[in-house]
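The values are calculated or read from the model by the stated rules, or taken from the named source; none is laboratory data. In this text, all values refer to a predicted model and were calculated from it rather than measured experimentally. With ideal geometry, Cβ positions are generated from the backbone for all residues, glycine too; neighbour counts draw on all protein chains shown. Areas reflect the complete protein model, heavy atoms only, side chains present, ligands, DNA and RNA absent. Shrake-Rupley method; radii C 1.70, N 1.55, O 1.52, S 1.80 Å.
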Amino acid sequence: MRNNLEYFFRLPLDKKNEFGQLPGDLQGYGQAFVESEHQTLDWCDRLYLVTQPPKDRDMRPWPTTPVNFRESIESYSSVVMRVTCSLMEIIAINLGIDLEKIRDTYVSQALRMTYYPACPVAHDNVLGISPHSDISTLTLVWELNLVEGLQIKRQGAWVPIKPQSNALVVNVGDFLEILTNGKYQSIEHRVTVNPHKERMSISAFHLPKFDMSVGPLSEIVGQELKKYKTVRVDEVAKVVFSSKLDGKKTKEYAMFNI
Ligand SMILES: O=C(O)CCC(=O)C(=O)O
Ligand SMILES: [Fe+2]
């Protein structure tokens, strides 16, 4: 997978554009979230694909170069889905809830593969990815070439996450925060640029079924006050995925404080 992704990102632009995003569709190769000519762009290239469940796949933007790329995306997708299922089982036990109650909340998966070129004229305003929290239940991030850049916000300060070989970073997403009425909190994060080294990562977002609504689980809320409204997943996703990632904007749409 690592070699295939690297090979793909190094192809000439016209070859990559054969699998480019089409207007109105987020899937494929490109720089998402370009709203205006005046906005600051994130310093990265992306390949975004919906990978699970298999019936939701649109194969058009799945690259055919290198030849076994599709196969490796498919097997990577199933492996991270299995890891996610195990993590969600542990989370359900930890919360003292029946897994069946949340099984539908991580059945969809999308992979965002990102290439961050080295940025020799690093500038304070340039970021690999602007601060945001993920619109997911759980996100598993693989920092494939072990280059630093990912940072999480902890007690108001940015803390670098040191890449580990043979390890994935697990981010709690906004839907898990909503479902658990804030018991699990989504994490704000960003990616900084590196003046010398390029960086590659794959984020696997696990999301609820698109046509369902998600709100705090009654078993978890109990006598507490509900902190979030019940929202339709497709509506939240439409708003968030079509706007530039930005911590505040995501929170505005996803946190739903009453
Ligand atoms: O590149 C990374 O390490 C994280 C990327 C990320 O936050 C995202 O794709 O949402
Ligand atoms: Fe993220």
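Couple of notes before you dig in:
- Solvent-accessible area assigned to carbon and sulfur over the chain amounts to 53 percent, based on a 1.4 Å probe.
- Normalised contact order of segment 131-189, rounded percent, pairs of Cα under 8 Å and 6 or more residues apart: 47
- Dipole size of the chain about its Cα centre, with +1 on Lys/Arg Cβ and -1 on Asp/Glu Cβ: approximately 240 debye, rounded to the nearest 20.
- Axial C-alpha extent at least 15 Å, average Kyte-Doolittle at least -0.5 - helices from the chain (DSSP): 69-95
- Between VAL193 and GLY128, the built amide H atoms are under 5 Å apart, and every one of these is 5 or more places off in sequence or on another chain.
- Segment 133-157 versus segment 193-212: alpha-carbon centroid distance in Å: 8
- Protection-proxy order for peptides 84-94, 195-205, each taking the mean of Cβ atoms within 10 Å per residue, highest first: 195-205, 84-94
- Residue list for segment 40-84, given a label point 7 angstrom along the Cα-to-Cβ vector of LEU22 and an amide N cut-off under 12 Å: 58-62
- For ASP234, net neighbour charge (Lys/Arg +1, Asp/Glu -1) across residues whose Cβ lies under 14 Å away: -1
- Extension gain from ASP211 to THR230, taking 0.36 nm per residue of separation minus the Cα-Cα distance: 5.6 nm
- Compared with the alpha-carbon gap, the fully stretched path from ASN166 to GLU71 is longer by 32.1 nm at 0.36 nm per residue.
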